[in-house]
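The values are calculated or read from the model by the stated rules, or taken from the named source; none is laboratory data. Note that this is a predicted model, so its numbers are computed, not measured. Because the Cβ atoms are built from the backbone with ideal geometry, glycine has one as well, and the counts that use them run over all protein chains shown. Ligands, DNA and RNA are excluded from the accessible area calculation, which covers all protein heavy atoms including side chains. Shrake-Rupley method; radii C 1.70, N 1.55, O 1.52, S 1.80 Å.
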Amino acid sequence: KPFTWMKVIQLVRKIRKQENVAGVLCFWCLEEALIGKLISAVNPILFKIWICGQDAKADNPWVKWIRPAPQEVVANSHFVCKVFHDNHGIQPSGVIPNSIEPSSFPPLPDRRPIDLIAVGSLIALKQTHIVLQVAKALNDLGQQINVVICGSGPEEPRLKDQAKELGIER
């Protein structure tokens, strides 16, 4: 792997000679972030890691190798920010949530088979229970949305029970 890392670093050097590179943004605090940190150390450019979920867990071995400074880390939610701080003692400098620009998409049809979908590992860190709470709240407001959760994991039984309790199971 170090050979591959060196090839990446050399490629970034080549790109920097041709382009005005402002910085390195690494999605997840994993091996790629270690390479990003090395690149930013060799090249005087901004370095950020976007903590997006499971990389905030206590068993992530890459955090101790990367040793990110708080200003180098942002999280995609306040919950992930707290989990990362609790597990690694590093307080991310900010939160940048996932989002989309609705005007970038064509108008939606009047009725869809799925209105809201959550896909991923069904673990507590993902907070999938919030999807069910949102679906229930929208249904209570008369929106009658169809929600689907795709995935498996230790939270699956609890989510099924919650959907039943909220009256939104299928």
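A compact table of results
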read-out: Charge context of Phe79, other residues only, Cβ under 12 angstrom, K/R +1, D/E -1; value: +1
read-out: Using alpha-carbon coordinates, inclination of helix 156-166 to the longest axis of the chain, degrees; value: 40 degrees
read-out: Separation between Cα centres of region 1-53 and region 114-142, rounded to whole Å; value: 35 Å
read-out: Share, in percent, of DSSP beta bridges within the chain that are antiparallel, nearest 5; value: 0 percent
read-out: Neighbour net charge for Asn43 - beta-carbon separation under 10 angstrom, K R +1, D E -1; value: +2
read-out: In degrees, nearest ten, helix 129-140 long axis to first principal axis of the chain (Cα); value: 40 degrees
read-out: Cβ-placed point charges (K, R +1; D, E -1), dipole of the chain about Cα centre in debye, nearest 20; value: 740 debye
read-out: Neighbourhood charge, 14 Å Cβ-Cβ cut-off, centred on Pro157 and excluding it, Lys, Arg +1 and Asp, Glu -1; value: -2
read-out: Nearest 10 degrees, 0 to 90: helix 78-88 Cα axis against the chain principal axis; value: 50 degrees
read-out: Other-chain or far-sequence residues with amide H under 5 Å of Phe27's (modelled H); value: Trp50
read-out: Cubic angstrom per residue, convex hull over Cα atoms of region 79-170; value: 135 Å³
read-out: Largest-first ordering by accessible area, 1.4 Å probe, given options Phe105, Phe79, Phe3, Phe27; value: Phe3, Phe105, Phe27, Phe79
read-out: Point-to-point label distance, Gln143-Arg158, nm (Cα→Cβ direction, 7 Å offset); value: 2.4 nm
read-out: Dipole-positive endmost among Val80, Leu141, Ala163 within region 46-170 (Cβ charges, Cα centre); value: Val80
read-out: Accessible-area ranking of Arg170, Arg13, largest first, probe 1.4 Å; value: Arg170, Arg13
read-out: Among the listed pairs Lys48/Lys126; Lys17/Lys37; Lys1/Lys57; Lys1/Lys82; Lys14/Lys48; Lys14/Lys82, those beyond 27 Å (Cα-Cα); value: Lys1/Lys82; Lys14/Lys82
read-out: Spin-label model distance (nm) - Lys64 vs Glu169, 7 Å beyond Cα toward Cβ; value: 4.3 nm
read-out: Nonlocal amide H pairs with Val73, under 5 Å, H built at 1.01 Å; value: Ile49, Ser93
read-out: Where labels lie 7 Å past Cα in the beta-carbon direction, separation of Ser103 and Phe27 in nm; value: 2.5 nm
read-out: Surface/4 of the Cα convex hull for the chain, nm²; value: 13.1 nm²
read-out: Residue order for Leu38, Leu122 - accessible surface, 1.4 angstrom probe, largest first; value: Leu38, Leu122
